[in-house]
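Below: one structure, written as structure tokens.
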Amino acid sequence: MVDQLLRGDPLGLPVPPSWLFGLKIFGFILHMIFMNLWLAGMPTALLLRNSQAPVADRLFKAMPFFMAFGINAGIVPLLFLQVLYPQFFYPATILQAWFWLLIIPLLIVAYYAVYFAAFGRYRAVAATVASILLAWIGLTFSSAMTLAASPQALPAIFLASSDAGSVHGFTMHLNGEVLLRFLIMVGISFGTLAAFLALDAEFFTAKLDYRNAARRLVAPLYILGLIVFGLAGLLYGPTVSDRLPQLLAMLAGVAMPLGAILSLFYLKQPSRAVAAALVAVHALALIANAAARQIVQIRSLEIWAKLDKLPIRGDWDSFLLFVVVLLIVLLALGWLARVALRAGRLKIEHKSAER
Amino acid sequence: MDYPLWYVPYLTAPLLIPLIAVPHVIVAQFAVGGGILLADLTRRAYGGNHAAILEYLHRLTRVFVLITVVFGAVTGVGIWWTIGLTSPETTSALIHIFVFGWAAEWAVFVLEIAAAFVFYYFWGRLAPRKHIIVGWIYGIAAWVSLVLITGITAFMLTTGDWAPDSGFFTAFFNPSFLPQVLLRTGGSIAIAALGITVHLSFQTDPALSKDLIVRWMSRWALAGILLIFAGGLWYLFVMPEHAQLNLVRAPILLGMTAVNLLVTLLVMVALAWGHFAGSRWITPPAAILLLAAGATAITTGEFVREGTRKPYRIDQYIFAPGVRSSEVKDFQRNGLIRHAPWLQYYLDRKFSVDVTLHGQALAPDDKAEVGKALFRYHCSACHAEWGYNGMAPILRPWTPELIRDTTRNLHRANPAMPPWMGSEAERDALAVYLARLSREKP
């Protein structure tokens, strides 16, 4: 019955699905990096604002950048999701329309709260508001993505929330699976935050008090992340083991414990080499997790929609436009990064000379 | 009608779109024009070594970052959210046609944000030449972003030679693309100039040469207004026939067009006056009034653009209820319910008979219930039962016969309406429901 409710778009795909899928994973990894930093970074900065003020201050000030680039990068996977799976994505969000729409005003409030915290105004209140709202938004995303990958649940929710065949949109799909997927993301977020602090402390700062405080925090944060990730993963993993590629499951399972060992090593002997190793291992964990989520989604949905059966228009000229624009943008971003790094370095040297 | 329908009582779900889209368009255009103006004003301030103006521009950039990067960006995502919830067939079609245009716009927006951050946070730490280049990268990226999005929004009104098997560029370079680029570029510069004027009006630093800023800015703004007139006129000529008909037929659209023209003229006169009179006219009430006039011009312009598009969501391709024009005959032959899988699923469970086949034999109450469901799917893209475009008050003086006759020829009764896209039995059920609705009290 469910398959009769699900209709793909008759326009077909502009390019083969593997290209779209690759871009979707790329975008999701980019989004995950920044989203992890705000999801774990905001509550961490809030809780440490008195005991570890230099770290908290640095995180508060960096948060607007994480938000700007994280929200922006989040557009990419959603865009390609709607090309690949409109028949799953739209019903899953329409059935919980008000909660899905609520993301927008909540995000605006959270974003301005982040700026308040960054500018040092009403920091505790602003950071509390932002932390709660960002976590709620994350949970809503987990809910929508879980439902989009579980079309068998759609008809019952539709009937329960219908009046004259149209839905009121006040339903929210919350169950153990949603919660576990969200907790896996929370766990990995603390790992990402720890890896960021190690990277920042070793490569991008001249402030000794910040560097020392950050070095002490990397291991506890990473281990906290591993515990949450590990517990949630142990409960969630078996439910998707038939759809989870072995290699990715192994990578996702090994990378974070290895990262935790490196973080302990970093606590004993902090150095650029160990920080770089930690970042590399955690990047592996991130990529494995992002790819695993996408592959589980595709395998969960292939019962209802086989991507390789969809018509392909071969709209390569628009793809070329995107590639050309992307290259120009990357060149310009490279130039901007160089200009900013040089200006930053000049400032650091200037301060060192003053001292 | 491939998806479940979200019904918002009193408002209708699609009315949520302008609630988010109008503030977004105002802020987004403010960001685009602001990027260009900030780059040029900074260049002039560095050139003349105006320290006070540079200091002022630094403060102004902070306002831009706070308004555009946060509110502009999130409401932009918000439009996408809302159209996906309220018009999923249209959103899906646009995304399938323009996915790489949107992806390119994403890349350009990343550049816009990065440049805005470097421009603001490294103020005073970059050599003037480099700082100005960063400013121009910000301004140009914002404008390219506008151009890319305009290709998509213009397509919704004028699909031109596009057909479902056509390529991206046929859709992108549609007949109203260039007129809309001119219109929106001009609008962006003008609204940014008016926004900056409000900010400037609150400045009390005596060292700040407001006269100079106003003169620099009003040249840009006047050029922007000329672009608005050129683009607007061109736009009227390339509008599809049904859109032109909507414009002259619907008093509200005609009124909006008149208001749009009047406030644009008012702003033009004020800017021209400001150019010669300098900053004497820059008082907070006057500046706020002019900004409100500019925002009114954008709001009415968007309203007219959306209103004239009816009965289509995408010109010639998708009708407002989410039915592709190529499917209409099939809908009429075999019934709407058969083509709306979610509705059919609901009705099958509710009545446990195939209402498409046995609709005529249903009891009057059941028939009205089917009619209500049909109303939601066919009509609620533009009409609530009560509230926005509410059918109950509209139909109050109508007889059941008149309702029945009108539903037969919806598109003839009003060219902004689509033809009836269902079977005769379904139309009968709709008429029964509408007749009951007309007798209901709020």
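Brief remarks on what is shown
- Prolate/oblate/rounded label for region B:68-121 (Cα gyration tensor, a/c 1.5): oblate
- Rounded Å value of the spacing that divides the Cα centres of region A:275-290 and region B:118-140: 34
- Centre separation in Å (Cα based) which lies between region A:16-91 and region B:358-396: 43
- When the charge dipole of chain B is built from unit charges on Cβ atoms (+1 for Lys and Arg, -1 for Asp and Glu) and taken about the Cα centre, the candidate among B:S145, B:L434, B:I314 whose Cα reaches farthest toward its positive end is B:S145.
- Comparing the full protein assembly with the isolated chain, the residues of region B:68-89 losing at least 30 square angstrom of accessible surface (1.4 Å probe) are B:V70, B:F71, B:V74, B:V77, B:W80, B:W81, B:L85.
- Enclosing the Cα atoms of the protein assembly as shown in their convex hull gives a volume equal to 163 cubic angstrom per residue.
- Alpha carbon centroid spacing (whole Å) that separates region B:28-57 from region A:147-168: 52
- At q = 0.06, 0.08 Å⁻¹, base-10 log of I(q)/I(0) for chain B (Debye sum, equal scatterers on each alpha carbon): -0.32, -0.53
- Karplus-derived 3J(HN,Hα), 6.51/-1.76/1.60, for each residue of region B:419-432, Hz, glycine and proline x: x, 5, 10, x, 7, 5, 4, 5, 5, 4, 5, 4, 4, 4
- Accessible surface of chain A [probe 1.4 Å, protein heavy atoms]: carbon and sulfur percent: 71
- Amide hydrogen neighbours beyond the local backbone of B:W6, cut-off 5 Å, H modeled: A:V167
- Its Cα centre serving as origin, chain B has a Cβ charge dipole (Lys and Arg +1, Asp and Glu -1) of approximately 1000 debye.
- Amide H within-cut-off set for B:I318, under 5 Å, with H built and near neighbours excluded: B:R313, B:S325
- Relative contact order of chain A, pairs being alpha-carbon contacts under 8 Å that are 6 or more residues apart, as %: 21
- Protein accessible area in chain B, 1.4 Å probe - carbon and sulfur %: 66
- Surface accessible to a 1.4 Å probe, B:V118 within the full protein complex, Å²: 10
- Fraction of antiparallel bridges per DSSP, the protein assembly as shown only, in percent to nearest 5: 60
- Measuring heavy-atom accessible area with a 1.4 angstrom probe and counting protein chains only, the residues of region B:1-35 that give up at least 30 Å² relative to the chain alone are B:D2, B:Y3, B:P4, B:L5, B:W6.
- When only Cα pairs below 8 angstrom with a gap of at least 6 residues are kept, chain B shows a relative contact order of 20 percent.
- Remark on region B:305-343: accessible area falls by at least 50 square angstrom from chain-alone to full-complex state for B:P341, B:W342, probe 1.4 angstrom.
- Around the Cα centre of the protein assembly as shown, unit charges on the Cβ atoms of Lys, Arg, Asp and Glu (plus for the first two, minus for the last two) sum to a dipole of about 2340 debye.
- Helix runs (DSSP H) in chain A reaching 30 Å along axis by Cα, Kyte-Doolittle at least -1.0: A:17-47, A:53-84, A:97-118, A:123-148, A:176-203, A:208-236, A:246-268, A:272-301, A:316-354
- Solvent-accessible area per residue, Å², over the protein assembly as shown with all protein chains present [probe radius 1.4 Å]: 39
- Taken over the C-alpha atoms, region B:94-210 has Rg and Dmax values of 18.4, 63 angstrom.
- For chain B, lysine pairs with C-alpha atoms less than 23 angstrom apart, excluding pairs fewer than eight positions apart on the same chain, total 7.
- Dipole axis of region B:1-159 (+1 Lys, Arg; -1 Asp, Glu on Cβ), positive-most option in B:P18, B:T91, B:V8: B:P18
- The charge dipole of region B:191-292, taken about its Cα centre with unit charges on the Cβ of Lys, Arg, Asp and Glu (plus for the first two, minus for the last two), comes to roughly 120 debye.
- Relative contact order for region B:226-367, counting Cα pairs under 8 Å that sit 6 or more residues apart, in percent: 19
- Think of it as helices only: each DSSP H run of n ≥ 4 in chain A is worth -39500 (n - 2.57), and spread over all residues that comes to -27500 deg cm²/dmol at 222 nm.
- Dipole of region B:27-112 [Lys/Arg +1, Asp/Glu -1 at C-beta], most positive-end residue of B:H58, B:F100, B:G47: B:G47
- Between A and B, buried accessible area from a 1.4 angstrom probe totals roughly 7300 Å², ignoring ligands, DNA and RNA.
- Shape class for region A:219-355: oblate, because the ratio a/c of the largest to smallest gyration tensor axis (alpha-carbon atoms, square roots of eigenvalues) is 1.5 or more and b/c is at least a/b.
- Between helix B:88-121 and chain B: long-axis angle, C-alpha atoms, 0 to 90°, nearest 10: 20
The values are calculated or read from the model by the stated rules, or taken from the named source; none is laboratory data. Model, not experiment: these values are computed from the prediction. In this analysis, Cβ positions are derived from the backbone assuming ideal geometry, glycine residues included, and neighbour counts consider all displayed protein chains. With ligands, DNA and RNA removed, areas are computed over all heavy atoms of the protein, side chains included. Shrake-Rupley method; radii C 1.70, N 1.55, O 1.52, S 1.80 Å.
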